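Written below as structure tokens is the structure these notes are about.
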There are 2 protein chains.
Amino acid sequence: MGTHFKGTQDQMIALDTYIKLTRASDSIQARLSNAASMQSLTISQFGVLEALMHLGPLSQNELGTKILKSNSNMTTVIDNLEKRNLVKRQRSIVDRRMIEVFLTPTGKDLIEGLFPHHVLAIQEQFSVLTTEEQIALGDLLRKLGRGENEQHKE
Amino acid sequence: MGTHFKGTQDQMIALDTYIKLTRASDSIQARLSNAASMQSLTISQFGVLEALMHLGPLSQNELGTKILKSNSNMTTVIDNLEKRNLVKRQRSIVDRRMIEVFLTPTGKDLIEGLFPHHVLAIQEQFSVLTTEEQIALGDLLRKLGRGENEQHKE
DNA sequence: ATCGAACTTTTTGATATCGAAATAATAACA
DNA sequence: TGTTATTATTTCGATATCAAAAAGTTCGAT
């Protein structure tokens, strides 16, 4: 147990697992960020391009929901993608509050070229685990991500 | 499988597990950031104060290693903690390249007051998993965080 | 038809985060 | 003893990230 904390057994295990979760996620993220498959895209930029590739044009709000980022952050990320001519904005005709974000041909080519390499990089990162371990891990993470125990409305 | 990607079975599982890892980590982080136990501290600020509380004075470089952040980032984080009088810098006498970072009395009181609540918040987040599940999860995450398969020097 | 609630995006101001280059100090070694 | 390599921190410029407030749009309910 890598901690200097003295509490109940239950607390120590939770704290230890939390530290491992953070470290594993940060480490994987850092390794993937440096991978050639990311070119000069950030994780969020990559996530936006990937969502547009798989799902077609989306509003900024929808994109934010997909990649778990705030709306104000989406404005910034889309700004930077637009500067590089990878996406285009277009006010929605049906609901003028929304802005539809599209891949440009350049953006489409880029993400379609990078994505397969990205998958290979991920596959390699996870190759330290067997298929069964990955599935078991995914199950535990899913429970954690959903976080069902919500009886704490302070 | 929540993905729109067609690849080998192995790739799809790795990609799916990767997405779950990212989402679980982001979700937990976001919930803890909003918890009362964080007061107005960021995750990194909290991590620095916690390390200093448990380990005593450390150099910025050591702190960066502990919380997995770059040296230049540590300069910024320590700057902001210093502004709020929670830590103090002092050039090391033995090696004048280093800066020792200390908790001020205010900083010490703050982190000692917050830490137990932080542990409770983490314990609650992880209570969706049994003790055995948390231990199993920790084992898988440890392997992943270490990332042994390093035969990819391009 | 209008008023107010709800929704989408932007702006603003603060902090985080990195890599690269600059600066300063120590260590290695010839 | 110099000279070079290494190490620790800072600065700079770019991007990310959030919450809160502002601005514009739509919707609901009268």
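At 222 nm, what value in deg cm²/dmol follows for chain B if DSSP H runs of at least 4 each add -39500 (n - 2.57) and the sum is divided by all its residues, to the nearest 500? Intermediate values should be presented prior to the final figure.
On the way: 6 runs with 98 residues, N = 154.
Calculated from helices alone, the mean residue ellipticity at 222 nm is -21000 deg cm²/dmol.
On the accessible surface of region B:9-138, probed at 1.4 Å, how many percent belong to carbon and sulfur atoms?
Whole-percent figure for carbon plus sulfur exposure: 54.
How big is the A/B interface in buried accessible area, both sides summed, 1.4 Å probe, to the nearest 100 Å²?
Heavy-atom accessible area buried at this interface is about 5700 Å².
Using only Cα atoms, find the angle between the long axis of helix A:131-146 and the longest principal axis of chain A, and express it within 0 to 90 degrees, rounded to the nearest 10.
Roughly 80 degrees, rounded to the nearest 10.
Let me cross-check B:D95: its accessible surface, 1.4 Å probe, with only protein heavy atoms counted, in Å² to the nearest 10?
B:D95 exposes around 40 Å² with every protein chain in place.
Given the options B:G56, B:G107, B:G47, which has the most mean-square fluctuation in a GNM of chain B, springs set between C-alpha atoms less than 10 angstrom apart?
Of B:G56, B:G107, B:G47, the Gaussian network model singles out B:G56 as fluctuating most.
Helix A:71-83 versus the longest principal axis of chain A: what is the Cα-based angle in degrees, 0 to 90, to the nearest 10?
Helix A:71-83 and the main axis of chain A meet at about 50 degrees.
Calculate, for region A:5-154, the solvent-accessible area per residue in square angstrom, rolling a 1.4 angstrom probe over the heavy atoms of the protein chains.
52 Å²
What is the distance in Å between the Cα centres of region B:25-67 and region A:54-121?
So the separation of the two Cα centres works out to 32 Å.
With a/c under 1.5 counting as rounded, go ahead and sort region B:7-154 into rounded, prolate or oblate using the C-alpha gyration tensor (a ≥ b ≥ c being the square roots of the eigenvalues; past the cut-off, prolate if a/b is larger than b/c, else oblate).
Verdict is oblate for region B:7-154.
PRE reach from B:N71 (point 7 Å along Cα→Cβ): which of region B:78-99 fall under 14 Å by backbone N?
B:96-99
In degrees between 0 and 90, to the nearest 10, how far off the longest principal axis of chain B does helix B:105-126 point, with axes built from Cα atoms?
With rounding to tens, the tilt is 10 degrees.
With charges only on Cβ, +1 for K and R and -1 for D and E, what is the dipole size of chain A about its Cα centre, in debye, rounded to 20?
560 debye
Simple spin-label model, 7 Å along Cα-to-Cβ: A:I135 to B:H117 in nm?
Output for this residue pair reads 4.4 nm.
The values are calculated or read from the model by the stated rules, or taken from the named source; none is laboratory data. Everything numeric here is computed off the predicted structure, so don't read it as measured data. Quick reminder, even Gly has a Cβ in these numbers, built from the backbone with ideal geometry, and neighbours come from all protein chains shown. The protein model used for the area step is the full one, side chains on, heavy atoms only, and it has no ligands, DNA or RNA in it. Shrake-Rupley method; radii C 1.70, N 1.55, O 1.52, S 1.80 Å.
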